[in-house]
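Scroll down for the structure; my scribbles are underneath it.
Computed from the coordinates by the stated procedures, all read-outs in this text should not be read as laboratory data. Please read all numbers here as calculations on a predicted model, not as lab measurements. Glycine gets a Cβ as well: all are built from the backbone with ideal geometry, and neighbour counts include every protein chain shown.
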Amino acid sequence: MKAEDLKKWILSLEQDIEFEYNGIDGSICPFSENDISLTFLDISKDYGNIEDLMSDKVINGKSLNEISGELIFL
């Protein structure tokens with residue numbers, strides 16, 4: 001999935017998004033456009049906007065912008 005498509009999915013606020021990256025599960029929980037939570041391994045972070053979420057290098061040193069095409073959605 002392209003990064004732009006993932007962004008649109010997150011901002012649709014329709015559901016939590018569960019994914020796998022390199023065999024490790026994670027999740028994105030969009031409560032609102034200004035309250036989005038990401039969990040991966042033992043990391044749990046909250047973001048105030050989509051740009052911060054997409055650009056944070058929190059997943060094995062990479063951002064969602066960089067790895068969106070490698071994610072497996074569960």
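Given a cut-off of 20 Å, what percent of all Cα-Cα pairs of the chain lie beyond it? Everything past 20 Å amounts to 15 percent. Rounded to the nearest 20 debye, the dipole magnitude of segment 3-73 is 160 debye, with +1 charges on Lys and Arg beta carbons, -1 on Asp and Glu beta carbons, and the Cα centre as origin. Only helices enter this figure: runs of n ≥ 4 DSSP H residues, each worth -39500 (n - 2.57), summed and divided by the residues of the chain, yield -6000 deg cm²/dmol at 222 nm to the nearest 500.
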